[in-house]
Amino acid sequence: MTSILKQLSGYSKESAELNEAQIEAQAALAETAKAIEDTDTLSELAEVVDDGADDLQEIADDIQEQGDAIANSITVSGAVESVVDQTLETYGEDGITEEGAALLKLSVESILRTGGISIPVEMAVPSFESGMTRAQYSTEAEEKKGNIITRIFAWIATAFKSLIESVKNFWSRLVNSVASLEAYAQRVKKQIADIKGAAKEDKMAVGGWGVYLTTNGSTVSAPRNVVKAAVTSYSKFASQWDGSFGDLNKINMPGGIDIVKNIDALVEGIKRTEIGKLSGVRHFNDMELFPTHTLKMATGPDGKWPLAGAKFSIVAKKGTAPKTVPVLPIDEMNGGIDECLLALKVVDKIQEKTKSWEKNATRIRTWAGVLSGALNNSEGRRGFTKEQNAEAQGAVKTLISGSTIMTQGWAQSIQIFLTVIKNNIRYCSASAGHYGKELKSHNPLTDVKALSHQPA
């Protein structure tokens, strides 16, 4: 217990520069440390664990929503650009007709509205006033297209900043959850050591969370086997995830305004990474993360830059969760708890892999902000050709999307991994509660609230 409290205390002193989210996280860590120290019963400690899990899940869900909003905005920017460019190409050198201008205006408005992009119409959509020449219609369409895309990029940069803060908060709270789970496991280990007498029954009832006690979604296995299988599958995922998206942290990119002068190098640097290749996205789709969950990856609309606007999710498999599980023998309880404690150390290793992301995410946001003022303008502006412009947009969108998806993957997957560990600790505790009359029973099946990540 002492080591846990030291861990929490030490973590709270690491950062010299604290934002509001970090301050709140540290307050929560201190509160959790005190709660762990003050709990007298297993049920109280289990509630601390569940409260921490709920808190972490809320932040993970926020990260998912923020990431999806960024992906959606990237898709919208591409759609606006495409419809304007197609219109300009259709009418050619003669310019857009009044009827064509009116249709284009409706199309752009529809894309923005459908995509949920809140941009004042008068600032985003060409006015196309009556009496303008066809050439003037085309010129305004080109200029306003740049305005729309620039505003969307500016919003993305702001949203990305919020995402970075949510991620920092998540990793802070993760320390909280891991410490609580470790304390819970150690307390259950003592509960098992105090067992007197034989098991009062062979089986006990479980709710939907029984699915996390299986290695195939339906057949119950010993906790040590379930957790070991989860560690194996999750470690494989983590290695592949880091291998595919870790290149984002290796791209050598200029800082500040110099990025404008080095746009071609920027594009080529991103192209050379796996992040810019279709295979880097596609091979994760339908990948089994745990026996109960599968990864889903949907590529963005741009075939050349498939990660730009791509979306990530983890979905629960449909299956039949067991309604009853065997009461575990004592050696299996102890083996299960030991395996859970080892699994928690894997979380620490995963967290180490993500530390470089925060630093680089801030740099990526800066680049996006700089480029939003330089891109999406008429040909020749700031020295860009249309070809350079298009390539740069694709590269930057890919960079932002890749960083966003990488973050979503870590947050959502770790949360489920912790849920597997938590349920198997609970299984051991519930089993111990079914032994001997002399033991004051703790049954988390009835006195602890329902778990997160319930399968549909």
Select, from Leu5, Leu18, Leu56, the only residue that is assigned to a helix (DSSP H, G or I), modelled with pLDDT under 80, hydrophobic (A, V, I, L, M, F, W, C) and more than 26 Å from Thr398 (Cβ to Cβ). Leu5
Pairs under 6 Å by beta carbon, first residue within 24 Å of Ser82 (Cα to Cα) in the stretch 293-320, partner charged (D, E, K, R), six or more apart or different chains? Ala298/Lys311; Ala308/Asp302; Ala308/Lys397
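When you check Ile400 against the structure, is it touching a Gly at 6+ places or on another chain (Cβ under 8 Å), at pLDDT 80 or above, in a helix (DSSP H, G or I) and farther than 20 Å from Val220 by Cβ, yes or no?
no
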Give the number of residues within the stretch 51-78 that are over 21 Å from Ile164 (Cα atoms) and crowded, with 20+ Cβ neighbours inside 10 Å. 3
Subset of the stretch 132-156 [more than 19 Å from Gln66 (Cα to Cα) and of a type in the set (Gly, Ala, Ser)]: Ala135, Ser138, Ala141, Gly146
Residue that is surrounded by the most Cβ atoms within 10 Å (Cβ to Cβ), among those in the stretch 80-106 that are charged (D, E, K, R) and within 41 Å of the chain's Cα centre (by Cα): Glu81
Residue that is modelled with the highest pLDDT [pool: residues in the stretch 272-281 that are outside any loop (DSSP other than H, G, I, E, B) and under 18 Å from Lys397 (Cβ atoms)]: Val281
Subset of the stretch 117-158, residues within 18 Å of Asp94 (Cβ to Cβ) and at pLDDT below 75, comes to Pro126, Phe128, Gly131
Of all residues making up the stretch 55-107, the number that are under 20 Å from Thr299 (Cβ atoms), in contact (Cβ under 8 Å) with a residue 24 or more places away in the chain and small (Gly, Ala, Ser): 7
May I ask you to list the residues in the stretch 287-296 that are farther than 13 Å from Phe417 by Cβ and either among the small types (Gly, Ala, Ser) or at pLDDT below 85 (or both)? Met287, Glu288
Looking only at the stretch 176-189, how many residues end up being touching a Leu at 6+ places or on another chain (Cβ under 7 Å) and either among the basic types (Lys, Arg) or without any contact (Cβ under 8 Å) to a residue 12 or more places away in the chain (or both)? 1
Where the second residue is surrounded by 10 or more Cβ atoms within 10 Å (Cβ to Cβ) and among the small types (Gly, Ala, Ser) and the first is at positive phi and lies in the stretch 190-207, which pairs have Cβ atoms under 6 Å and are six or more apart or on separate chains? Gly197/Gly436
Contact list please: Cβ distance under 6 Å, first residue in the stretch 139-160 and among the acidic types (Asp, Glu), second residue crowded, with 23+ Cβ neighbours inside 10 Å, pairs at least six apart or on different chains. Glu140/Pro126
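Inspect the stretch 171-181 for any residue being crowded, with 18+ Cβ neighbours inside 10 Å and in contact with an Asp or Glu (Cβ under 7 Å, 6 or more places away or on another chain) and give the result as yes or no.
yes
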Please give the number of the condition Ile96 fails out of (1) in a helix (DSSP H, G or I); (2) at pLDDT 85 or above; (3) of a type in the set (Val, Ile, Thr). (1)
Just a yes or no: is a residue in the stretch 325-337 among the polar types (S, T, N, Q) and outside any helix (DSSP H, G or I)? no
Filtering the stretch 200-209 for residues that are more than 25 Å from the chain's Cα centre (by Cα) and buried (at least 18 other Cβ atoms within 10 Å of the Cβ) leaves a count of 2
Restricting the stretch 180-236 to residues that are basic (Lys, Arg) and at pLDDT 90 or above, the one farthest from Ala432 (Cα to Cα) turns out to be Lys228
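The values are calculated or read from the model by the stated rules, or taken from the named source; none is laboratory data. Remember, it's a predicted structure, so these values are computed and weren't measured experimentally. Here Cβ is always computed from backbone atoms with ideal geometry, including for glycine, and neighbour counts include all displayed protein chains.
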